[in-house]
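Here you go, one structure.
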Amino acid sequence: MPERAAALLADIEDALGGVLDHDRELERLADVVRRVTGCRLAIAAVHRVTGEFQIVAGASTDGRHHPLLGTHIPDAVFADTVGEPHLQRGSAYFAREEDRAHALWAFHVPTPTQGLPDGTGAIGAGGGSGAGGDTGASGDPARWGVTDYWGSVHRDEDGRPLVWFQVDDPLDGRRPDEAVLTTLDHITGPVGALVQRIDQEVRLRRAVQLAEDSRVRVRRHLAQRTRAAVAEAAAATLLDHLGVDVVYADLGTGHGPVVNALDPAQAQPHRLLSTLSEGALASARGYWQRGVVSVISPSRTVPDDVPEEVRALVLAGLEERDLDSVMLVPVGWREQAFGALILLRGAGRPDWTDLELRAAVELGRDIGSALHVAELFEREQRQAAERAQVVSTMAHELKAPLTAAQGFLELVEDAAGDRPGLLAAAQGIRESGDRVQAIVDDLLLLSRTWTAAPIGEGVGDLVAAARVAVARTAASARTAGITVMLDAPEHPARILVPLESDLLTRVVANLLVNAVRYSDPGSTTTVVVRVEDDGARVSLAVVDEGWGISATELPQVGTEFFRSADPRVRSRPGAGLGLAVAARVVDGAGGDLRLESVAGEGTVARIRLPLLTAEDAS
């Protein structure tokens with residue numbers, strides 16, 4: 001190969017070591033061809049799956065863009081214009097021996113009516129207005145004509161067209177001489193190899209991106225709360241995104257396998273699925289530990305240690321069901337294999353690529369991770385249900401004797417008459433009983449929030465609930481020497497939220513009880529109700545001037561049964577349930593509870609809830 005052409009191609013080869021830009025690399029190759037042929041213009045057209053060439057790159061001596069960039073040329077027009085490589089067409093003559101016909105490079109002079117649909121002649125020729133004129137007009141057969149161009153089609157290993165290069169307008173105005181043609185012969189192979197390499201690299205990059213996109217979509221659908229739901233989502237999503245005809249998922253969920261198919265008939269139980277499922281569960285653990293998948297198709301078997309009798313049995317079953325190949329994907333988490341996916345492709349589908357095999361291994365891990373998370377959630381739900389059952393049982397067991405004791409206490413109070421000591425004792429018993437009753441009520445409500453069953457469904461008026469809660473705590477606040485105030489808007493008269501009135505009142509009362517209980521005499525507690533600026537939510541804040549909460553303990557406040565280590569707090573009655581119950585009830589209604597506090601300065605307990613319109617409430 002001439003030294004100049006070799007140097008140019010070496011530059012391109014070096015460039016391919018970095019990140020590829022398909023059109024940019026084709027432009028560089030087009031420029032190599034342009035310089036080797038000594039022409040002013042060159043283009044590169046890529047063959048699309050839509051059955052047409054598209055001009056995607058151009059090169060010129062002055063660096064300007066080719067006017068036909070982006071043009072699409074249907075295969076029929078291209079074939080009519082270019083035809084098969086040949087030595088002579090029309091009045092143009094390729095000055096070479098006929099037995100030295102070039103397999104790729106064609107010297108072509110189309111008639112004026114050929115070429116692009118607008119009749120401009122050669123594809124990308126731009127008029128061919130070089131130093132020469134029309135051959136017939138000049139009478140010089142070596143002079144470049146207005147409809148002359150060179151072109152070459154580069155194909156893949158299967159003969160499918162990849163890229164069409166074309167040059168036009170020689171700098172010397174002459175048709176190629178023997179030296180140029182020989183150089184073209186030499187660079188045809190390397191240019192074609194580079195074109196194939198660019199094509200393969202870009203296809204691989206696109207395939208990687210498609211595989212990653214599929215993984216993202218599958219992951220998005222795998223975020224389920226039960227293992228059975230994960231299996232259902234996996235079967236449906238893989239069918240949509242992996243180009244398979246049947247998905248069989250046996251993932252050890254305890255609910256049996258899940259089958260999904262494009263053709264419902266393929267989802268019905270049959271011998272092939274039974275055979276595959278038995279083998280899959282037996283092989284899944286070994287494949288999971290090795291980090292591999294298994295593929296059986298007429299053209300390949302992976303891994304190569306699949307027994308021949310198994311391969312023959314599977315291939316026979318595939319043929320019987322009009323299917324072509326199967327992939328077994330182990331699914332697990334860390335060292336544990338949960339089960340396997342069986343992915344089946346029908347006749348006519350492409351065989352599994354190595355990239356798809358690698359992507360399948362990752363999908364098995366993704367699905368295993370989703371199953372692990374769902375299992376943890378199911379375990380937590382079971383534990384929560386068991387905890388709720390224990391707490392509910394204990395609370396009910398306490399409630400019965402407590403109710404009886406309160407009944408007997410009324411008899412004692414009636415019999416006490418004018419005996420002050422006995423009345424004081426009865427009053428003390430009643431106050432203690434009321435506190436125990438409040439704890440029992442909180443335990444019962446807390447046990448309901450631990451289950452999936454909804455609580456507090458309904459509509460409540462936040463202003464009305466605040467007024468009732470203030471009234472309920474008024475007596476205890478006066479006894480403690482604390483002033484309780486309500487700051488609520490006069491309009492609107494009713495502020496509706498998605499929480500029924502009794503629970504709403506109880507939530508506000510819990511916040512008020514805490515504010516009064518942990519404040520000093522002479523302080524003030526204010527209940528502030530406001531509609532937020534966006535008009536979509538409402539807030540209620542209980543603002544006290546009490547002892548406050550230390551920064552180290554603030555994150556723990558609201559946890560069930562948590563009580564501060566502050567001796568003053570420990571000296572007051574309480575079980576650490578009021579805020580926990582309030583937070584869970586508000587969360588169940590689509591709201592939240594937040595605390596802001598500074599030790600020694602006071603606390604703000606704020607709940608925020610969705611604001612309902614009258615239409616929403618109805």
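Of all residues in the range 444-467, which are at pLDDT 85 or above, of a type outside the set (Gly, Ala, Ser), part of a helix (DSSP H, G or I) and open to solvent by 20 Å² or more (accessible area, probe 1.4 Å)?
Answer for the range 444-467, where residues must be at pLDDT 85 or above, of a type outside the set (Gly, Ala, Ser), part of a helix (DSSP H, G or I) and open to solvent by 20 Å² or more (accessible area, probe 1.4 Å): just ARG467.
Taking the range 523-542 on its own, how many of its residues are in a strand (DSSP E or B) and within 18 Å of ILE495 (Cβ to Cβ)?
Qualifying residue count, the range 523-542: 12.
Across the range 34-57, what is the number of residues that are open to solvent by 20 Å² or more (accessible area, probe 1.4 Å), touching a Lys or Arg at 6+ places or on another chain (Cβ under 8 Å), touching a residue at least 40 places away in the same chain (Cβ under 8 Å) and not charged (D, E, K, R)?
So the answer is 2.
Suppose we filter ARG24, ARG35, ARG4 for residues that are out of contact with any strand residue (DSSP E or B) (no Cβ under 6 Å at 6 or more places or on another chain), at pLDDT below 65 and farther than 13 Å from VAL163 by Cα; which single one remains?
ARG4
Within the range 107-115, identify whether any single residue is modelled with pLDDT under 65, in a strand (DSSP E or B) and not hydrophobic (A, V, I, L, M, F, W, C), and answer yes or no.
Scanning the range 107-115, I find at least one residue that is modelled with pLDDT under 65, in a strand (DSSP E or B) and not hydrophobic (A, V, I, L, M, F, W, C), so the answer is yes.
Only residues that are farther than 18 Å from VAL542 by Cα and either of a type in the set (Phe, Trp, Tyr) or in a strand (DSSP E or B) (or both): list them for the range 483-511, please.
Residue satisfying the conditions is LEU496 alone.
Within the range 232-256, can you find the residues that are open to solvent by 30 Å² or more (accessible area, probe 1.4 Å) and among the aliphatic types (A, V, I, L, M)?
ALA236, LEU242
Which residue pairs have Cβ atoms closer than 8 Å, lie 6 or more positions apart in sequence or on different chains, and pair a first residue in the range 468-479 that is in contact (Cβ under 8 Å) with a residue 12 or more places away in the chain and open to solvent by 60 Å² or more (accessible area, probe 1.4 Å) with a second residue that is polar (S, T, N, Q) and assigned to a helix (DSSP H, G or I)?
Cβ pairs passing all conditions: VAL468/THR505; ARG472/THR505.
Turning to a different aspect of this structure: So how many residues does the range 303-336 have that are under 30 Å from the mean Cα position of the chain (by Cα) and surrounded by fewer than 21 Cβ atoms within 10 Å (Cβ to Cβ)?
Number satisfying all stated conditions: 4.
Filter the range 392-410 down to residues that are open to solvent by 70 Å² or more (accessible area, probe 1.4 Å) and modelled with pLDDT under 75 and give me whichever is farthest from ASN510 (Cα to Cα).
Only one residue fits best here, namely PHE408.
OK, next. Can you say whether ALA582 is within 26 Å of VAL440 (Cβ to Cβ) and either part of a helix (DSSP H, G or I) or among the small types (Gly, Ala, Ser) (or both), as far as the supplied structure shows?
Yes.
Does any residue in the range 351-380 that is within 11 Å of VAL331 (Cβ to Cβ) come within less than 6 Å, Cβ to Cβ, of a residue that is open to solvent by 70 Å² or more (accessible area, probe 1.4 Å) and basic (Lys, Arg) six or more places away or on a different chain, and which pairs are these?
ASP366/ARG219
The values are calculated or read from the model by the stated rules, or taken from the named source; none is laboratory data. Note that the structure is predicted; figures quoted are calculated from it, not measured. Reconstructed Cβ throughout: ideal geometry from the backbone, glycine too, with neighbour counts over all protein chains shown. Note: accessible area is taken over every heavy atom of the protein model, side chains too, but ligands, DNA and RNA are not part of it. Shrake-Rupley method; radii C 1.70, N 1.55, O 1.52, S 1.80 Å.
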